[in-house]
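> To start, I am sharing the structure in question, which I have written as structure tokens.
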Amino acid sequence: MNIRTLTAATILAASVSTGASADPWKIRVGWVTTPTHMQPIIDELHNRHSEIFPNFGKTYTVESIHFNGTTPQITALATNELDIAAFGPEALALAVDNAHLDVRMIADVFQDGVPGYASITFVVRKDSPIHKVEDLRGRVVATNAIGSFGDSAMRIVLRKHGLQDNDFTSVETNFNTMPAMLDEGKVELINLLPQFRYMMEKEGKYRTLFTAEEGEGRIQAVLWAMRAEVLAAHRAAVVDFLADHIRAVRYLIDPAHHDDTVAVVAAVTKAKPDTLQYVYTKTDSYHDPDGKPDVVATQRALDVELKYGLINKTLTVSPKYVDLGPVEEAANRLGGS
């Protein structure tokens, strides 16, 4: 289904369970790509260090659900197949404006363009005839999902250089297949995930054409969002979940645990540990140690997307579509980062 035309009928078909239960609530959490999206890594961390998660199995459990992008999660959230969605700013706006969902931004997933940290990179083959953005006119580029964070950043950069959507062809594909498609000449530009950066830095196969930061600057690249009624029905369990989540994030980004973190990430991604030394360091995307999203940066991203025609109208995020109470309560339990 095209999320841009999601009908009200689909939304009306959704139901929300609000009944209390003594059993722990199973929280269905969406994710797109790991290790940037931490949830699958945190699942494996729980397998190894259950002591980090004192609330798990008592008030909540987790089911991590994979999606090819942030926008497909709008439908899943609308039809009650997902409890916490990983949204880019555009997906948040589409969820409210097109799908008519009453959602709340509750926590950070990752941020881009933060000074001192890496930005998502868009690359071409080293021998490609494309040397500037304008050279993409008439070419084929890869995207994971229309309306996702990476897709929005890419289109804004292209529009800044005079290329509209009809000036190039975009092909939706999984992040993991993008390098092979670039190697085979099926596409001319890809969003190179950090775990594949060694292909550029060590193997010299690719070169950077631009970064996401050049599109939208510092932004809340991906955030966690919930339907307001689901959050209200399970607020205490959400606080417990976020407290354990923040504890896990702090463990993973702590330099003292870096070797263990790399081992956990390698177990999940099946990548070689020597290609993962960047993970959760300053050569990676920024993850807030208190789990707090950047509301101002989210609004700024939406305003830029409106300016360049990616969305038809902007969304005034705060205060209506933000509820930081649970993540702040969770962080306060653990003390400041």
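> Take segment 180-205 and flag every residue that is part of a helix (DSSP H, G or I) and either under 17 Å from ARG137 (Cβ atoms) or in contact with a strand residue (DSSP E or B) (Cβ under 7 Å, 6 or more places away or on another chain) (or both).
Those that are part of a helix (DSSP H, G or I) and either under 17 Å from ARG137 (Cβ atoms) or in contact with a strand residue (DSSP E or B) (Cβ under 7 Å, 6 or more places away or on another chain) (or both): MET181, LEU182, MET199, MET200.
> Right, another one. In this structure, is ILE42 assigned by TED's automatic domain parsing to the domain that holds LEU223 and touching a Leu at 6+ places or on another chain (Cβ under 8 Å)?
Working: assigned by TED's automatic domain parsing to the domain that holds LEU223: yes; touching a Leu at 6+ places or on another chain (Cβ under 8 Å): yes.
Spelling it out, ILE42 is indeed assigned by TED's automatic domain parsing to the domain that holds LEU223 and touching a Leu at 6+ places or on another chain (Cβ under 8 Å).
> Okay, next question. Given the criteria crowded, with 21+ Cβ neighbours inside 10 Å and under 20 Å from PRO24 (Cα atoms), does LEU242 qualify? Can you show your working first?
Numbers: crowded, with 21+ Cβ neighbours inside 10 Å: yes; under 20 Å from PRO24 (Cα atoms): yes.
Spelling it out, LEU242 is indeed crowded, with 21+ Cβ neighbours inside 10 Å and under 20 Å from PRO24 (Cα atoms).
> Part of a helix (DSSP H, G or I) and crowded, with 19+ Cβ neighbours inside 10 Å: does that describe ILE74?
Working: part of a helix (DSSP H, G or I): yes; crowded, with 19+ Cβ neighbours inside 10 Å: yes.
Yes, satisfied.
> Residue check: is TYR280 crowded, with 17+ Cβ neighbours inside 10 Å and either of a type outside the set (Ser, Thr, Tyr) or more than 17 Å from the chain's Cα centre (by Cα) (or both)? I'd like the intermediate steps shown before the answer.
Values: crowded, with 17+ Cβ neighbours inside 10 Å: yes; either of a type outside the set (Ser, Thr, Tyr) or more than 17 Å from the chain's Cα centre (by Cα) (or both): no.
No, not satisfied.
> On to the next question. So which of ALA221, ALA271 is at pLDDT below 95, outside any helix (DSSP H, G or I), in contact with an Asp or Glu (Cβ under 8 Å, 6 or more places away or on another chain) and buried (at least 17 other Cβ atoms within 10 Å of the Cβ)?
ALA221
> Separate question: Got at least one residue in segment 130-145 being of a type in the set (Asp, Glu) and over 20 Å from the mean Cα position of the chain (by Cα)?
Here is the first cut: in segment 130-145, the residues of a type in the set (Asp, Glu) are 134-135.
Narrowing further to those that are over 20 Å from the mean Cα position of the chain (by Cα): 134-135.
Yes, segment 130-145 contains at least one residue that is of a type in the set (Asp, Glu) and over 20 Å from the mean Cα position of the chain (by Cα).
> Also, quick follow-up: Here is a list: ASN166, ASN176. Which entry is surrounded by fewer than 19 Cβ atoms within 10 Å (Cβ to Cβ), part of a helix (DSSP H, G or I) and in contact with a helix residue (DSSP H, G or I) (Cβ under 9 Å, 6 or more places away or on another chain)? Let's see the steps before the verdict.
Values: ASN166 fails: in contact with a helix residue (DSSP H, G or I) (Cβ under 9 Å, 6 or more places away or on another chain).
Every option except ASN176 fails the conditions.
> Just for segment 300-324: of the residues that are part of a helix (DSSP H, G or I) and without any contact (Cβ under 8 Å) to a residue 60 or more places away in the chain, which one is nearest to HIS234 (Cα to Cα)?
ASP303
> I'd like to know if segment 279-288 contains one or more residues that are at pLDDT 95 or above, within 22 Å of ILE84 (Cα to Cα) and part of a helix (DSSP H, G or I).
no
> Could I ask something else about it? In contact (Cβ under 8 Å) with a residue 40 or more places away in the chain, under 22 Å from the mean Cα position of the chain (by Cα) and either part of a strand (DSSP E or B) or more than 30 Å from ASP303 (Cβ to Cβ) (or both): is that true of ARG247 in this structure? So that I can check it myself, show each step before the final result.
Values: in contact (Cβ under 8 Å) with a residue 40 or more places away in the chain: yes; under 22 Å from the mean Cα position of the chain (by Cα): yes; either part of a strand (DSSP E or B) or more than 30 Å from ASP303 (Cβ to Cβ) (or both): yes.
Taking the combined requirement at face value, the residue satisfies it.
> OK, next. Looking at segment 90-98, can you tell me whether even one residue there is assigned to a strand (DSSP E or B) and either surrounded by 20 or more Cβ atoms within 10 Å (Cβ to Cβ) or at pLDDT below 95 (or both)?
Initially, segment 90-98 is screened for residues assigned to a strand (DSSP E or B), giving none.
For segment 90-98, residues assigned to a strand (DSSP E or B) and either surrounded by 20 or more Cβ atoms within 10 Å (Cβ to Cβ) or at pLDDT below 95 (or both): absent.
> Select from segment 159-189 the residues that are within 21 Å of LYS126 (Cβ to Cβ) and acidic (Asp, Glu) and write down the one among them that is modelled with the highest pLDDT.
Here the residue is GLU188.
> Right, another one. It is to be established whether one or more residues within segment 96-112 are over 20 Å from ASP240 (Cβ atoms) and of a type in the set (Val, Ile, Thr).
Looking only at segment 96-112, we keep the residues that are over 20 Å from ASP240 (Cβ atoms), and these are 96-103, 110-112.
After this cut, where a residue has to be of a type in the set (Val, Ile, Thr) as well, the list is 96, 103.
Yes, there is a match, as at least one residue in segment 96-112 is over 20 Å from ASP240 (Cβ atoms) and of a type in the set (Val, Ile, Thr).
> Might you let me know whether segment 300-307 holds any residue that is β-branched (Val, Ile, Thr), in the same structural domain as PHE56 (by TED's automatic domain parsing) and over 27 Å from GLY116 (Cα atoms)? Reasoning before the result, please.
Kept after step one, since they are β-branched (Val, Ile, Thr), are these residues of segment 300-307: 304.
With the extra rule that they be in the same structural domain as PHE56 (by TED's automatic domain parsing), the set shrinks to 304.
From what is left, the residues that are over 27 Å from GLY116 (Cα atoms) are none.
No: segment 300-307 contains no residue that is β-branched (Val, Ile, Thr), in the same structural domain as PHE56 (by TED's automatic domain parsing) and over 27 Å from GLY116 (Cα atoms).
> Being out of contact with any helix residue (DSSP H, G or I) (no Cβ under 7 Å at 6 or more places or on another chain) and acidic (Asp, Glu) is the filter; apply it to segment 198-241 and report the residue that is nearest to VAL62 (Cα to Cα).
Taking the candidates together, the pick is ASP240.
> Only residues that are polar (S, T, N, Q) and assigned to a strand (DSSP E or B): list them for segment 55-71, please.
As a first pass, look at segment 55-71 and keep what is polar (S, T, N, Q): 55, 59, 61, 64, 68, 70-71.
Residues satisfying the conditions are THR61, SER64.
> Quick one: what pairs do we get from segment 216-241, first residue touching a residue at least 40 places away in the same chain (Cβ under 8 Å) and among the polar types (S, T, N, Q), second in a helix (DSSP H, G or I) and crowded, with 23+ Cβ neighbours inside 10 Å, C-beta under 8 Å, 6+ apart or different chains?
Hits for this filter: GLN220/PRO89; GLN220/THR298; GLN220/ALA301.
> Select from segment 25-52 the residues that are closer than 22 Å to ALA233 by Cα and not basic (Lys, Arg) and write down the one among them that is nearest to the chain's Cα centre (by Cα).
Quick first cut of segment 25-52, residues closer than 22 Å to ALA233 by Cα only: 25-30.
Then keep just the ones that are not basic (Lys, Arg); that gives 25, 27, 29-30.
Working: TRP25: 23, ILE27: 18, VAL29: 12, GLY30: 9 Å.
Among them, the one singled out is GLY30.
The values are calculated or read from the model by the stated rules, or taken from the named source; none is laboratory data. Fair warning: this is a prediction, and the values are worked out from it, not measured in the lab. We place every Cβ from the backbone using ideal geometry, glycine too, and count neighbours over all the protein chains shown.
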